[in-house]
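S.K.: Handing you a structure now.
The values are calculated or read from the model by the stated rules, or taken from the named source; none is laboratory data. Only a predicted model underlies this, so the values are computations on that prediction, with no experimental measurement involved. FYI the Cβ positions are ideal-geometry reconstructions off the backbone, even for glycines, and counts take in every protein chain you see.
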Amino acid sequence: MHNSALNLPGVTHRIAAALAPAQPSPTQPLARSAAVPSRLTLSGCVLFVTCALMFGSGFRAFRPEIMGLLVHPFLIPIAIVSPFLLVGRIKAFPAGALSALVIFFVLYSMSSFTGGRAALNEVVKISTSGVAIVATALLIRSRADFVAGVIGLGIASGTMGLWGMQGTLGSATGVEALDVGNKNAFSLFVLPSVLLCGFLFFEMPVQSKPIRLALKIICVGAIGACALAIFLSGNRSGYVGCVVIGAMLLKEKKLYGFLLVGLLAAGVVYLMMSLQKTDVFQERWNQTFVKKNESDELRGHIIFACFQIGLENPICGVSASKLPNYIGAIVGAQHAGMNFIESHNVFAHIWAGSGVLCFTALGYVAWTFWFMPTPPNKADTPLAGEFFRAQRLLRMMVLLWVIRGMFTSNILYNPGFSMGLGLAVGFCALLGAKPKQLPLGARMAAMPSRNGVQH
């Protein structure tokens with residue numbers, strides 16, 4: 001009778017599950033594993049500055065011109081720290097993802113030499129984008145470093161939106177927050193920050209309540225400023241990006257996600273109506289769902305032309321620099337004056353400009369990002385849960401990249417997505433890394449002796 005209780009299968013597990021504490025709310029810190037460092041490091045400070053410097057990428061006055069290229073300010077610290085990171089910490093980057101990135105960027109660069117002429121600009125831009133992803137990820141050495149990077153990117157994005165709206169609120173075509181590129185460029189810069197700040201709002205790995213509150217206020221402010229600037233513009237792909245991010249947060253956080261997304265949406269609508277700036281959004285809505293939109297029809301013809309070009313040049317494509325001429329030769333027959341036109345779709349761009357091998361390599365990159373290496377210690381339940389949430393963040397970032405990339409090929413070189421992907425990959429790599437082994441003396445000191453007393 002005494003031993004019968006021991007033979008009941010799963011009793012202790014069911015009791016433990018029944019007595020387990022409820023899932024913490026967003027106002028309480030989630031359980032964190034002690035195996036992952038939490039203190040801010042020097043790398044985190046560098047990461048904060050690097051991400052904050054993205055603000056200068058949207059304005060010509062802050063971008064020096066070198067060899068005909070407007071250089072992004074954030075590349076300056078990246079260039080300084082990259083040699084040290086590549087030598088000392090390259091093993092911290094997931095090997096599968098690193099090999100996929102190298103294969104993709106090499107194939108894309110090689111395709112630029114198609115026809116015997118190198119498109120140096122393409123090679124430089126795609127190379128700096130790859131280095132930015134890897135360097136941003138390697139700068140994350142602790143949870144606080146990840147938070148610093150997200151906050152820096154959020155401050156840059158929110159400030160970029162507020163700064164850019166100052167002189168363009170009266171424009172009949174909508175707000176153009178940047179003076180680099182067109183009205184579509186702004187959402188390309190800030191959508192990753194909106195997703196990261198939304199994630200951080202719910203998954204804040206900070207124990208101090210005053211700091212948590214201050215950081216959450218920064219996150220909400222950054223999301224609100226970016227969303228307002230996007231919906232005051234005529235950028236439909238930006239609208240789609242915001243809706244996708246809102247839907248992903250709703251799916252992840254249910255009630256709390258609904259509260260955040262709902263309050264922010266209500267605030268944006270209220271400000272748009274207060275500023276009497278709903279006409280541009282209404283016009284773009286009518287162009288999409290009511291009236292026939294010639295630009296949508298043109299996009300369809302461009303994609304079909306790129307598909308045809310890719311079939312005729314399957315190995316290396318026609319090179320990114322020559323692709324607009326090839327598209328114009330086909331589309332110009334249906335649309336007068338369209339003899340030189342961009343692909344406006346990253347997948348059509350790679351398929352026609354770089355060939356099927358590079359297109360396949362891009363899929364390989366997405367695969368390695370989607371299935372990141374899991375933590376080796378399966379018994380560390382808090383770490384497994386934290387990694388699972390970080391993995392979902394990276395998958396949401398990949399999905400956002402895919403959806404926003406359907407409207408532009410410039411996403412390949414955009415600093416917002418480069419650093420956004422780097423932050424998500426780096427956080428997953430931090431949580432999935434094999435813990436460093438303690439020195440023998442430290443391990444001996446931690447081992448209990450036979451009489452129960454530590455050595």
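S.K.: Looking at region 207-233, I want the residues that are over 17 Å from Ile155 (Cβ atoms) and have a partner that is surrounded by fewer than 24 Cβ atoms within 10 Å (Cβ to Cβ) and acidic (Asp, Glu) with Cβ atoms under 8 Å, at least 6 apart or on another chain. Which pairs are those?
M.R.: Final answer for the pair search is Ser233/Glu176.
S.K.: Out of all the residues in region 388-431, which are part of a helix (DSSP H, G or I) and aromatic (Phe, Trp, Tyr)?
M.R.: Hits for region 388-431 are Phe388, Trp401, Phe417, Phe427.
So that you can scan it fast, the table gives a plain yes or no per residue for (1) out of contact with any helix residue (DSSP H, G or I) (no Cβ under 8 Å at 6 or more places or on another chain); (2) under 15 Å from Ser111 (Cβ atoms); (3) not aromatic (Phe, Trp, Tyr):
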| residue | (1), (2), (3) |
| --- | --- |
| Asn313 | no, yes, yes |
| Cys316 | no, yes, yes |
| Ser319 | no, yes, yes |
| Ala329 | yes, no, yes |
| Ile341 | no, no, yes |
| Trp351 | no, yes, no |
| Val356 | no, yes, yes |
| Ala366 | no, no, yes |
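S.K.: Then there's this: Consider region 139-156. How many of its residues are assigned to a helix (DSSP H, G or I) and of a type in the set (D, E, K, R)?
M.R.: Count: 2.
S.K.: In this structure, is Ile133 within 18 Å of the chain's Cα centre (by Cα) and under 21 Å from Phe359 (Cβ atoms)?
M.R.: Yes: the conditions hold for Ile133.
S.K.: Here's a follow-up. Name the single residue that is surrounded by the fewest Cβ atoms within 10 Å (Cβ to Cβ) among those in region 84-138 being modelled with pLDDT under 90 and not in a helix (DSSP H, G or I).
M.R.: Arg117
S.K.: Testing Pro205 on (1) in a helix (DSSP H, G or I); (2) in contact with a Phe, Trp or Tyr (Cβ under 8 Å, 6 or more places away or on another chain), one condition comes back false. Which one is that?
M.R.: (1)
S.K.: Please go through region 319-342 and give me each residue that is farther than 21 Å from Met406 by Cβ, under 30 Å from the mean Cα position of the chain (by Cα) and not basic (Lys, Arg), ordered by number.
M.R.: If the condition is that a residue be farther than 21 Å from Met406 by Cβ, under 30 Å from the mean Cα position of the chain (by Cα) and not basic (Lys, Arg), then Ser319, Ser321 are the ones that fit.
S.K.: Hey, does region 307-316 have a residue that's in a helix (DSSP H, G or I) and within 21 Å of the chain's Cα centre (by Cα)?
M.R.: No, region 307-316 contains no residue that is in a helix (DSSP H, G or I) and within 21 Å of the chain's Cα centre (by Cα).
S.K.: A further question follows. Does Gly355 satisfy the condition of being closer than 23 Å to Ser99 by Cβ and modelled with pLDDT under 95?
M.R.: In short, yes.
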